[in-house]
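A short worksheet on the structure shown next.
The values are calculated or read from the model by the stated rules, or taken from the named source; none is laboratory data. Since the model is a prediction, treat every value here as computed from it, not as a measurement. Virtual Cβ from ideal backbone geometry, glycine too; neighbours counted across all protein chains shown. Note: areas computed on protein heavy atoms with side chains; ligands, DNA, RNA excluded. Shrake-Rupley method; radii C 1.70, N 1.55, O 1.52, S 1.80 Å.
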Amino acid sequence: MIYIFHGENQQQSRQELNKAIEKLNSTNFLRLDKKEIELEKINNFLNTTSFFENPKILVLSNFFSIHKSTLDKISHILKNCQEHIFIWQNKKLTPTQLKNFPHSQVNYFTASKTLFACVYSIKANNLKQFISLYRQTIKNEPFELLLYFIKNNLRKQLQTYSSLDQNKLKKAYLYLIELDYKNKTGRLSISEEIALERVIINLLQ
């Protein structure tokens, strides 16, 4: 059976993925991320006789981000496999991508409309609306998820068109990278929510 977990809400999708794996209560598993996914590794794991009585579990992270030729070859193997296959993707998959596994169990996890409204409110002369949406969003959504979307939004604005000052935009983006690092390493001197809010306020003022 193939189980697919995808969507914008990465934290929730990962949590549900881990719960599903734990329910099988098997120690006989192989977990590969995008850089580790190789045809030979998967073939060997699925087709080699195991000493364990537990079912085999194959977990592939960001499988749909690998090269198409490799993806097609591995997909053929997975569709003909009787083991438990879990595929996790860090974004929403397209209907075309999902057609690779028409009989899979698909689990989609979306972020709230408020979160998207907050992210897209980061534009010139829009400070008041951003603050209102930010304070609503931060109460109900994981900080890591909001930071992820805001970082992506600023990067896109740097690469395309933006109504914001380009120098301030670049500085804000670099501050967010630093904020993310300090937050993960426990080096922030203030709360993560206040730190993120200050970066965007300075950008929009």
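Of note:
- Normalised contact order of the chain, rounded percent, pairs of Cα under 8 Å and 6 or more residues apart: 25 percent
- For F86, the residues 5 or more places off, or on other chains, whose built amide H falls under 5 Å of its own are Y3, L58, V59, L60.
- Taking every Cα-Cα distance in region 89-205 and sorting them into 5 Å bins starting at zero, the pair-distance distribution P(r) comes out as 2, 10, 20, 20, 17, 12, 8, 6, 3, 1, 0 percent.
- Farthest positive-ward along the chain dipole, Cα basis, beta-carbon charges - from N100, Q10, L78: Q10
- For the chain, the longest principal axis of the alpha carbon atoms and the long axis of helix 127-140 meet at an angle near 40°.
- Close amide H contacts of K34 (hydrogens built in the peptide plane, cut-off under 5 Å, sequence separation of 5 or more or a different chain): S61.
- For region 6-163, the equivalent ellipsoid built from the Cα gyration tensor has semi-axes of 37, 18, 12 Å, listed from largest to smallest.
- Sorted on the mean count of surrounding Cβ atoms within 10 Å across their residues, most packed first, peptides 93-102, 55-64 read 55-64, 93-102.
- The loop-placed trypsin sites (Lys or Arg not before Pro) in region 107-205, going by DSSP, that have at most 13 neighbouring Cβ atoms within 10 Å of their Cβ come out as R187.
- Degrees, to the nearest 10: 143-159 long Cα axis against longest axis of the chain: 70 degrees
- Against the chain, whose longest principal axis is taken from its Cα atoms, helix 10-24 shows a tilt of about 20°.
- Percent carbon-and-sulfur accessible area, the chain, ignoring ligands, DNA and RNA, probe 1.4 Å: 50 percent
- Inter-site label distance for K92 and N126 at 7 Å from Cα along Cβ, in nm: 1.8 nm
- Label-point separation, N202 to N25 (7 Å along Cα→Cβ), nm: 5.3 nm
- In this structure, S112 and T49 have a Cβ-Cβ separation that, at R0 = 30 Å, corresponds to a calculated FRET efficiency of about 0.05.
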